[in-house]
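Here is the structure we will look at.
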Amino acid sequence: MMKQRYRVEAIMASSKQNKLEVPRDVMDVLCEQDCSSLQIPEIIERLTSLGYCPRYEPTADTLTDIATLWIWVDQEEMLLNCQMEPLAVH
């Protein structure tokens, strides 16, 4: 059976004060990890192993390929809206 895979194409990050930067190890995971669904389970698993306490948030609009993810950076939560790109079906 062939399955669709996804990869993060673009990221929009924001936080309460908009002073946080996305940590380098988070960017590495987001840029390198292919995912089996738009719920990005592989990214969540890797960020959890790095201690970021990620939380996936389902969006109501299923027409867009955007995965919404919250992570803890220092003492503040950061929102990451990830534009997902469908890859070739495997």
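Phi angles of segment 14-23 translate, via the Karplus equation with coefficients 6.51, -1.76, 1.60 and θ = phi - 60°, into HN-Hα couplings of 8, 9, 4, 9, 6, 10, 7, 10, 5, x Hz per residue; Gly and Pro are given as x.
Here r is the Cβ-Cβ distance between residue 3 and residue 31 and R0 is 35 Å; the resulting FRET efficiency, rounded to 0.05, is 0.95.
Label-to-label distance for residue 16 and residue 81 is 2.1 nm, based on points extended 7 Å past Cα in the beta-carbon direction.
Note that segment 27-78, at 10 °C in a medium of 1.306 mPa s, gets a Stokes-Einstein diffusion coefficient of 136 µm²/s from its Kirkwood radius over C-alpha pairs. The largest-to-smallest principal axis extents of the Cα set in the chain are 43, 27, 17 Å. Here each label is just a point 7 Å from Cα along the line to Cβ, and for residue 45 and residue 74 those points are 3.2 nm apart.
For segment 23-90, averaging the sequence separation of C-alpha pairs within contact (under 8 Å, six or more residues apart) and dividing by the residue count gives a relative contact order of 21 percent.
Calculate for the chain the 222 nm mean residue ellipticity that helices alone would give, adding -39,500 (n - 2.57) per DSSP H run of length 4 or more and normalising by residue count, nearest 500 deg cm²/dmol. Before the final figure, lay out the partial values.
Values: 2 runs with 18 residues, N = 90.
Taking each H run of at least 4 residues, the total per residue is -5500 deg cm²/dmol.
Per residue, the average separation of C-alpha pairs within less than 8 Å and at least 6 apart gives segment 1-58 a relative contact order of 34 percent. In this view, the solvent-accessible surface of residue 53, computed with a 1.4 Å probe and all protein chains in place, comes to about 90 Å².
The values are calculated or read from the model by the stated rules, or taken from the named source; none is laboratory data. All values reported here derive from a predicted model rather than from experimental measurement. We place every Cβ from the backbone using ideal geometry, glycine too, and count neighbours over all the protein chains shown. For the accessible areas, the whole protein counts, side chains as well, though only heavy atoms, and no ligand, DNA or RNA atoms are used. Shrake-Rupley method; radii C 1.70, N 1.55, O 1.52, S 1.80 Å.
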